[in-house]
Amino acid sequence: MDDERLWLVERTYTDKGLVSLVYATTDGERYLQKQRSMNMLNHVDVTAAVEADPDSLDAVEEAETREQYAGEATRMADEHDPDDAV
């Protein structure tokens, strides 16, 4: 199965020095969450989009969150190339 493109919809900083990145499909139905150390982000770019195996994605359960993710993913897709650093 082909990988699916997901767009950055949320970036949350924790008090433990981690950054949680959430990427979602443009329909807001599925997402992928990654955690990175803030030190690591000094060495690699956070990109507007990532490619992921559809089997590794989680379903977005709440309708409000699906709507939020869909809106943000669509905005990112309209305004950025997938490899843009954001």
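Candidates are the residues of region 39-61 that are free of Cβ contacts under 8 Å to residues at least 12 places away in the same chain and farther than 22 Å from Ala77 by Cα; the one that is least open to solvent (accessible area, probe 1.4 Å) is Met40. The listed residues are Arg11, Arg36, Arg5, and the only one of them that is basic (Lys, Arg), touching a residue at least 60 places away in the same chain (Cβ under 8 Å) and open to solvent by 30 Å² or more (accessible area, probe 1.4 Å) turns out to be Arg5. Taken over region 62-86, the residue count meeting the criterion of being open to solvent by 60 Å² or more (accessible area, probe 1.4 Å) and of a type in the set (Val, Ile, Thr) is 0. Restricting region 14-33 to residues that are in contact with a helix residue (DSSP H, G or I) (Cβ under 7 Å, 6 or more places away or on another chain) and open to solvent by less than 20 Å² (accessible area, probe 1.4 Å) leaves a set whose member that is nearest to Thr65 (Cα to Cα) is Gly28.
The values are calculated or read from the model by the stated rules, or taken from the named source; none is laboratory data. Keep in mind it's a predicted model, so treat the numbers as computed, not measured. FYI the Cβ positions are ideal-geometry reconstructions off the backbone, even for glycines, and counts take in every protein chain you see. Side chains included, ligands, DNA and RNA excluded: accessible areas come from the protein's heavy atoms. Shrake-Rupley method; radii C 1.70, N 1.55, O 1.52, S 1.80 Å.
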